[in-house]
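Participant: Provided herewith is a single structure, encoded as C-alpha cells, for subsequent inquiry.
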C-alpha cells in the first residue's frame, strides 16, 4: 500500500527566496503526523504543493501514490485552511451538500449526517453558519474536509479557535480517523496538542526538516538529579536505568538520599533547539 503522502527532495523557490530546500517526508495510512515550524519555515508551501495549488521547483510529491495536483490525488485528499470563510447564509447541511457536489461525492444525506455527528454537530444541520460560534465553524470545516472519504486529511491549526471541550472533540475525532485508516498531516503551533495525538513530528525550519521522529524520540534524556543531605548531586550523562546504581553508590558512601529526578526535554525544548540551531 502506498504512503498516504510522500515527498522526496521537494524544493520550491519564489525567485531568489528559498521556500523548501529538499524535503523528504512520508505519512503512512492511519498515521498522525504533526508538522511544526516557525512562520516562514515553508509549511504552507509544502501543504499547497500537496493540494496541487503550487508546483515544486525540484523533487516530487505524491498523494496515495498519485502525483500531487492530479485529479486522482485531489480526490483522495481533504483540506482545511487556517483562515477559511464559509458563506454565512448557508446552513451547515447546505454547506456539506455544496462540497459534496464539488468533490463529486455520492454520499448524500447519510454522509452529511454522519460527518456532522462525527464533529459533534449532529443537531446543527439546520443552523446558519453566521449564527455559529467560531468553534462550531471550525468543527464544520473539519466535516467539509472529510466529504468524499479522503485517505489523507491536511489540517492547518484545527484547534486554534476551540475551547477545551472543542479540542477534546477534535482529539477524539483524530483518533477515530486513525482507527479508520485515514492519515492526517497536522500543522499546529500548539505543541501540547501535537505531542498528545501525533505518532510522529517533523520540525521544518528555513525550508528543511531540522528534526523528525516520535514525540518520545525527540524528548531526549537530560540526566539525573539526586537530592542528598544538604545538596543536590547532578549526573548529566545518566538515564533512568542508572538510577538504582547511583542511589546505591551514594548510600554506600554514607549519603542520605531524599529524592530522585530523571530529567528529560519536552517536545517544546527540542523544537526551540531546532529553531535556534538552524
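The values are calculated or read from the model by the stated rules, or taken from the named source; none is laboratory data. What you see is a predicted model, and the numbers here were worked out from it, not measured in a lab. Methodologically, a virtual Cβ is constructed for each residue, glycine included, from the backbone with ideal geometry; neighbour enumeration extends over all protein chains shown.
Participant: Considering (1) under 17 Å from the mean Cα position of the chain (by Cα); (2) buried (at least 17 other Cβ atoms within 10 Å of the Cβ), say which one residue 52 fails and leave the rest.
Facilitator: For residue 52, the failing item is (1).
Participant: Can you confirm whether the stretch 212-225 contains a residue that is buried (at least 20 other Cβ atoms within 10 Å of the Cβ), farther than 21 Å from residue 134 by Cα and in contact with a strand residue (DSSP E or B) (Cβ under 8 Å, 6 or more places away or on another chain)?
Facilitator: For the stretch 212-225, residues buried (at least 20 other Cβ atoms within 10 Å of the Cβ), farther than 21 Å from residue 134 by Cα and in contact with a strand residue (DSSP E or B) (Cβ under 8 Å, 6 or more places away or on another chain): present.
Participant: Turning to a different aspect of this structure: How about the stretch 33-44: which of its residues are in contact with a helix residue (DSSP H, G or I) (Cβ under 8 Å, 6 or more places away or on another chain), buried (at least 19 other Cβ atoms within 10 Å of the Cβ) and part of a loop (DSSP other than H, G, I, E, B)?
Facilitator: Of the stretch 33-44, the ones in contact with a helix residue (DSSP H, G or I) (Cβ under 8 Å, 6 or more places away or on another chain) are 34-38.
Retained after the next criterion (residues that are buried (at least 19 other Cβ atoms within 10 Å of the Cβ)): 34-37.
Matches in the stretch 33-44: 37 only.
Participant: Looking only at the stretch 226-259, count how many residues are outside any helix (DSSP H, G or I) and buried (at least 16 other Cβ atoms within 10 Å of the Cβ). Steps first, please.
Facilitator: Taking the stretch 226-259 as the starting set, the residues that turn out to be outside any helix (DSSP H, G or I) are 226-239, 253-259.
Filter once more, keeping what is buried (at least 16 other Cβ atoms within 10 Å of the Cβ): 226, 228, 238, 255.
Here the count works out to 4.
Participant: Any idea which of 204, 140, 174, 146 is surrounded by 21 or more Cβ atoms within 10 Å (Cβ to Cβ), closer than 26 Å to residue 63 by Cα, modelled with pLDDT under 90 and touching a helix residue (DSSP H, G or I) at 6+ places or on another chain (Cβ under 6 Å)?
Facilitator: Details: 204 fails: modelled with pLDDT under 90; 140 fails: modelled with pLDDT under 90; 146 fails: modelled with pLDDT under 90.
Of 204, 140, 174, 146, the one residue that is surrounded by 21 or more Cβ atoms within 10 Å (Cβ to Cβ), closer than 26 Å to residue 63 by Cα, modelled with pLDDT under 90 and touching a helix residue (DSSP H, G or I) at 6+ places or on another chain (Cβ under 6 Å) is 174.
Participant: Can I ask one more? Could you list, ordered by first residue, the pairs with Cβ atoms under 9 Å in which the first is in the stretch 90-115 and on the phi > 0 side of the Ramachandran plot and touching a residue at least 12 places away in the same chain (Cβ under 8 Å) and the second is part of a loop (DSSP other than H, G, I, E, B) and surrounded by 17 or more Cβ atoms within 10 Å (Cβ to Cβ), at least 6 apart or interchain?
Facilitator: Short answer, once both residue conditions are applied: 104/148.
Participant: Is it fair to say residue 30 is surrounded by fewer than 19 Cβ atoms within 10 Å (Cβ to Cβ), in contact with a strand residue (DSSP E or B) (Cβ under 9 Å, 6 or more places away or on another chain) and under 25 Å from residue 208 (Cβ atoms)?
Facilitator: On the way: surrounded by fewer than 19 Cβ atoms within 10 Å (Cβ to Cβ): yes; in contact with a strand residue (DSSP E or B) (Cβ under 9 Å, 6 or more places away or on another chain): yes; under 25 Å from residue 208 (Cβ atoms): no.
Taking the combined requirement at face value, the residue does not satisfy it.
Participant: From the residues in the stretch 45-58 that are in contact with a strand residue (DSSP E or B) (Cβ under 8 Å, 6 or more places away or on another chain) and not in a loop (DSSP other than H, G, I, E, B), which one is farthest from residue 214 (Cα to Cα)?
Facilitator: 58
Participant: Further question: Run down 131, 72, 61, 41 and say which single residue is out of contact with any strand residue (DSSP E or B) (no Cβ under 6 Å at 6 or more places or on another chain) and either at negative phi or not assigned by TED's automatic domain parsing to the domain that holds residue 201 (or both).
Facilitator: Values: 72 fails: out of contact with any strand residue (DSSP E or B) (no Cβ under 6 Å at 6 or more places or on another chain); 61 fails: out of contact with any strand residue (DSSP E or B) (no Cβ under 6 Å at 6 or more places or on another chain); 41 fails: out of contact with any strand residue (DSSP E or B) (no Cβ under 6 Å at 6 or more places or on another chain).
Being out of contact with any strand residue (DSSP E or B) (no Cβ under 6 Å at 6 or more places or on another chain) and either at negative phi or not assigned by TED's automatic domain parsing to the domain that holds residue 201 (or both) holds for just one of 131, 72, 61, 41, which is 131.
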